[in-house]
Amino acid sequence: MTAAAAPAASPASTGEAAGVRLARSRRNAELSLLLLAMVLVAAYAATVEANVLDTVTSDFWMPAAALGLVFLGLHLVIRWLAPFADPALLPAVALLNGIGVGFLRRYDLAKAAPADRETLAIFAGTGGRQLAWTLGAVILAAGLLAIMRDHRSLSRYAYTLGLAGIVLVMIPAVLPARFSEINNAKLWIRVGGFSIQPGEFAKLALLAFFAYYLVRKREVLSLASRRVLGIDFPRGRDLGPVLVVWIISLLVLVFEKDLGTSLLYFGMFVVTLYIATERVSWLLIGLILFFGGAYLAYLLGSTVGGPFLNFYDRAQIWLDPFAEPYDRGYQLVQGLLTLGTGGLFGAGPGGGQPTLLPEVQTDFIFAGIGEEIGLFGLSALLVVYLLVVERGLRAALAVRDSFGKLLAGGLAFTLGLQVFVIVGGISKLIPLTGQTTPFLSAGGSSLMANWLLIAVLLRVSDGARRPVTSGGPAARPSGAPPEQLHGAPTEVIRP
């Protein structure tokens, strides 16, 4: 008796199996890159100890090992809940986060007395707190992946998220200064020894609302009324949403005394608007409105003062920081000198003097790291940031629905804009903004918000890379909203 011939695999099942094999191989690549990132973090920690302590302690590897376990846990969650997600996002962000923890540990060693440095506990000080914040942020990101099985489910709560975002932005502005102000910027909610920066979470909520709104208003906002110098400009009646966001960003600039947050909110809306309509005119209108508003705030600061005075002072420091190098311009001058001292190759990890730079653990961490790894090292870090932004934009291009495209594109641009604002501030390209460097700076609010951003990008990239079976798109995960007609693909059926 001959065995019955096995049924031939259908093209659909073959394609589906190939997709699963591809996903498994990509997760293995992610794991390999993650291990490489942790090896680099451990090597950084060993070099710091060699330069600061003149020896390498037996437990130098423990922070890297702790971070490795945390990121390995997130890798397993991604393997289970988002098997088709981009494999480069987690390792790139883990490397940035690990370098940040390593530098903060180096800062703790610099602050400690020479006799106490060798016995300084691995999990003590700013570096130890950053490790704890990393654990909390990664757990939060994993929880978001578990709850949000499809990025389109965010569109159900778009208006709620938009309202929550505005409330989070405005809370520090209305609170008394003793509960909200740090370093002349009202960005915080401070209760006892606990503080949180709600604006970090507001940007995610507002982006989800912007994406939902612009998907539905795209056709209207794409209409042109007149053509000037070869560029089609929109109708005047369609400028309303842009003017509203512009006014809100100016209120943030004036009452919260923060240029960076104002630029971030307005910039991410205008760029999301450009992605939705593909009209360069919106970018031009956005630039004119923002720079016009900033210049108006500068003029009012020089004449009226009051809430405009803080921005005027920042602009004056930016124009000539060496006019008062030991007073108002001290931080920027020290940052420029620190970058200059680093040169091309830097003093080596642990070879700089970070204690001479004010706020090196938060606002100026990029300059502090630059002193020790030099221009080439900073360029490598910027390339890693560029990789994260590029993978986010790639997910935006590949995902099939318009909401996902705008959401992922806006998130990727927001991360890139934040890095630009920080690097531009410490290098005197633009006025100082007080923004934190994503994944590097000390602080729980920024770290948790940016890990949530990465979780959303992972979810969008999972949906973009998920294979399509013969019956249509892969089955929607539970909790996903029903398919909308305007988001469905067009298909020609021949008789």
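The values are calculated or read from the model by the stated rules, or taken from the named source; none is laboratory data. No experiment lies behind these values; they were computed from the predicted model shown. Cβ coordinates were reconstructed from backbone atoms using ideal geometry, including for glycine residues, and neighbour counts include every protein chain displayed.
Brief remarks follow.
- Any pair with Cβ under 9 angstrom, 6 or more apart, that starts in region 414-432 at a residue that is closer than 13 Å to Ile317 by Cα and ends at one that is of a type in the set (Ser, Thr, Tyr) and not in a loop (DSSP other than H, G, I, E, B): Ile426/Thr338
- Check on Leu453, under 15 Å from the mean Cα position of the chain (by Cα) and part of a helix (DSSP H, G or I): yes
- Taken as a whole, region 365-382 holds no residue that is farther than 20 Å from Pro91 by Cα, assigned to a loop (DSSP other than H, G, I, E, B) and in contact with a helix residue (DSSP H, G or I) (Cβ under 9 Å, 6 or more places away or on another chain).
- Within region 329-364, being assigned to a helix (DSSP H, G or I) and in contact (Cβ under 8 Å) with a residue 60 or more places away in the chain holds for Gln331, Leu332, Gly335, Leu336, Leu339, Pro354, Thr355.
- Condition check for Leu397: under 18 Å from the mean Cα position of the chain (by Cα) and either part of a helix (DSSP H, G or I) or more than 13 Å from Ile426 (Cβ to Cβ) (or both): no
- Filter result (more than 23 Å from the chain's Cα centre (by Cα) and of a type in the set (Val, Ile, Thr)) within region 331-365: Val333, Thr338, Thr341, Thr355
- Residue that is at pLDDT below 95 and more than 23 Å from Leu406 (Cβ to Cβ), where the choices are Thr119, Thr134: Thr119
Conditions tested, residue by residue: (1) over 9 Å from Ala37 (Cβ atoms); (2) over 21 Å from the mean Cα position of the chain (by Cα); (3) among the basic types (Lys, Arg); (4) in a helix (DSSP H, G or I).
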{"residue": "Val56", "(1), (2), (3), (4)": "yes, yes, no, no"}
{"residue": "Asp59", "(1), (2), (3), (4)": "yes, yes, no, no"}
{"residue": "Pro63", "(1), (2), (3), (4)": "yes, yes, no, yes"}
{"residue": "Ala66", "(1), (2), (3), (4)": "yes, yes, no, yes"}
{"residue": "Phe71", "(1), (2), (3), (4)": "no, no, no, yes"}
{"residue": "Ile78", "(1), (2), (3), (4)": "yes, no, no, yes"}
{"residue": "Phe84", "(1), (2), (3), (4)": "yes, yes, no, no"}
{"residue": "Gly100", "(1), (2), (3), (4)": "yes, no, no, yes"}
